[in-house]
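Read the structure below first, then the notes.
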Amino acid sequence: MESRPVSRDTYGGYRARLVETLRAQGIRDLAVLRAVSTTPRHLFVPEAVRHRAYEDAALPIGNGQTISQPFTQARYLETLELKGNERVLEIGTGSGYQTALLGALVSQVFSIERVRALAETAQAALKAAGVGNASLLVGDGTLGWSAYAPYHAILVAAGGPEVPPPLLEQLAPRGRMIIPLGVHGAQTLTLVRRTAAGVETMEIGKARFVPLVGEHGFDA
């Protein structure tokens, strides 16, 4: 796992309070809490809402997209049970904040964003935050990124009707994928495990995510 400097800022106290909020809501993974405490979320939100960067709330980032609620992202990451040496695929870069959290938790992150403007903004924010182990691709996330497969974990930050077959193919043996499944606006957060016996799924809880758009998702 690559360590990285965090740019000097005045938000340390706000991050500490956010960590305590997440802890109070049941997040126990110390590595996840540490990632939240060191990752400058304010760099990943528009200037107009920067004063709300460390609220436990979703915020608009433009192009009809949002940066997810920190608790939701922390629960995502905790569910994947990351150990630090994984190669992870993220579908839906969005603001880049969750990409940065992953960068603090694993060896390599490969992230796909279908909206070029968001990808460019996220790339700039990741650079400003000192994240050096994340690679971004503009494209259809439902197709995955086969060049660097297999992945120890796959995180899908949008809700689809089913698990995209290419993502399942790119998941390593004993790998884990977390994805919201269901109709628009009402999905079930689902953990998918690839085992020697086949594929196992487990429902984690209800969720509301933007639609997963692509060949193996919803139409744009």
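A compact table of results
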quantity	calculated
From phi via Karplus (6.51, -1.76, 1.60), per-residue ³J(HN,Hα) for segment 195-205 in Hz, x at Gly/Pro	10, 5, 8, x, 10, 10, 10, 9, 7, 9, x
Estimated 222 nm signal from helices in the chain, with DSSP H stretches of n ≥ 4 weighted -39500 (n - 2.57), rounded to 500	-8000 deg cm²/dmol
Segment 54-122: trypsin sites (Lys or Arg not before Pro) falling in loop per DSSP and having at most 11 other Cβ within 10 Å	none
Candidates 40, 150, 60: whichever shows maximal mean-square fluctuation once the chain is modelled as a Gaussian network with Cα springs under 10 Å	60
Segment 145-206 - Rg over Rh from alpha carbon coordinates, Kirkwood radius	0.97
Unit charges on C-beta of K, R, D, E only; dipole of the chain, Debye	620
On Cα atoms only, tilt of 70-80 relative to the major axis of the chain in degrees	50
Zone residues, segment 162-190, relative to residue 58, backbone N less than 16 Å from point 7 Å out along Cα-to-Cβ	179-190
Charge dipole of segment 12-207 about the Cα centre (unit charges at C-beta), most positive-ward option of 43, 178, 59	43
Inverse mean reciprocal Cα-Cα distance (Kirkwood Rh) of the chain, Å	17.2
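A short reminder: the numbers here are calculations on the coordinates, not readings from a lab. All of these numbers come straight from a predicted model, not from anything done at the bench. Every residue, glycine among them, receives a Cβ derived from its backbone with ideal geometry; neighbour counts consider all protein chains shown.
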